[in-house]
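The values are calculated or read from the model by the stated rules, or taken from the named source; none is laboratory data. For clarity, every value in this text was computed on a predicted model and none was experimentally measured. Cβ placement follows ideal geometry from the backbone for every residue including glycine, while neighbour counts extend to all protein chains displayed. Surface accessibility is based on the protein's heavy atoms, side chains included, excluding ligands, DNA and RNA. Shrake-Rupley method; radii C 1.70, N 1.55, O 1.52, S 1.80 Å.
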Amino acid sequence: MKKLIGNDWDEILAPVFESQQYQQLHNFLKNEYATKKIYPDMYHIFTAFKLTSFADTKVVILGQDPYHNPGQATGMSFSVNPGIALPPSLQNIYKELYDDVGAVPVKHGYLKKWADQGVLLLNAVLTVPYGHANGHQGKGWELLTDQAIKALSARGKVVFILWGRFAQNKIPLIDTNKNTIIKSPHPSPFSANRGFFGSRPFSKCNKALLSYGENPIDWQLPSEVSQDEVV
């Protein structure tokens, strides 16, 4: 069995890793990384899975694909490394976070503290070419990330936070009798005023977790992150 992640996700995703479709994706990516600027770097493709094991996942925040400008992509949805300007969607997430649970906005966009508490910061597509949003959509990543969503759904007691139409297209993969779905428009500047602001996803998430007997998420991020803490 391929050990690409290093925790229980390897077993959960083994049917995909061992499939012909994944081998085709692997060959495609080898050529892409050799000939183009692709984000994140190949060592951070699976960061979300590495930080948040299958057993530890309590919440999924589903993004579309990584940021496509230099220095932004971390392998975690919506997260950027310290020192990188906050993308507009993340600025809006911080605004709603403050209005919802009083978490004070910070100047960095590094969301590892959430991942460490069981929030799987998953993009549906795990790689992207420089400057080309959705450039790797339909190349094979969806097979793997859909498998992750279905496995978590089958396990149950997971809160899925789905912002925007793309994320909400995954609802058919989720057993709503065993899990909680929190959905709203996307936090991007194009749609945040259409229902993302005021949707209170973070308090709703914690209420659901408490109903499952789980500890709530401490959404307050540290005011500073040292380079030693960056994975």
Projected onto the charge dipole of the chain (unit charges on the beta-carbon of Lys, Arg, Asp and Glu, signs +1, +1, -1, -1), the Cα from 98, 81, 55 with the largest positive-side position is that of 98
Answer in debye to the nearest 20: the dipole magnitude of the chain about its Cα centre, from +1 Lys/Arg and -1 Asp/Glu charges placed on Cβ, is 520
Taking the chain and counting helices only, DSSP H stretches of n ≥ 4 at -39,500 (n - 2.57) each over all residues, the nearest-500 ellipticity at 222 nm comes to -9500 deg cm²/dmol
Highest mean packing first, using Cβ neighbours within 10 angstrom, the peptides 72-85, 19-32, 99-112 sort as 72-85, 99-112, 19-32
Scaled by the rule-of-thumb 2.2 N^0.38 Å, the alpha carbon Rg for region 67-155 gives a ratio of 1.19
Against the 2.2 N^0.38 Å rule of thumb, the C-alpha Rg of the chain sits at a ratio of 0.96
Toy charge model, Lys and Arg Cβ at +1, Asp and Glu Cβ at -1: region 89-134 dipole around Cα centroid in debye, rounded to 20, equals 180
With residue 102 itself left out, Lys, Arg at +1 and Asp, Glu at -1 over residues whose Cβ is under 14 Å from its Cβ give -2
antiparallel share of DSSP beta bridges within the chain, to nearest 5, in %, is 10
If amide H atoms are modeled at 1.01 Å from N in the peptide plane, then the residues at a separation of 5 or more from residue 63, or on another chain, having amide H under 5 Å from its own are 122, 123, 124
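What number of lysine-lysine pairs in region 67-191 show an alpha-carbon separation below 16 angstrom, given a sequence spacing of 8 or more or placement on distinct chains?
Lysine pairs satisfying the spacing and distance rule in region 67-191 number 6.
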Looking only at aspartates and glutamates whose Cα falls under 20 Å of residue 36's and that sit 8 or more positions away or on another chain, we get 65
Sorting 166, 49 on solvent-accessible surface, 1.4 Å probe, most exposed first, gives 166, 49
For region 101-231, the percent of accessible surface on carbon and sulfur atoms (probe 1.4 angstrom, ligands and nucleic acids excluded) is 49
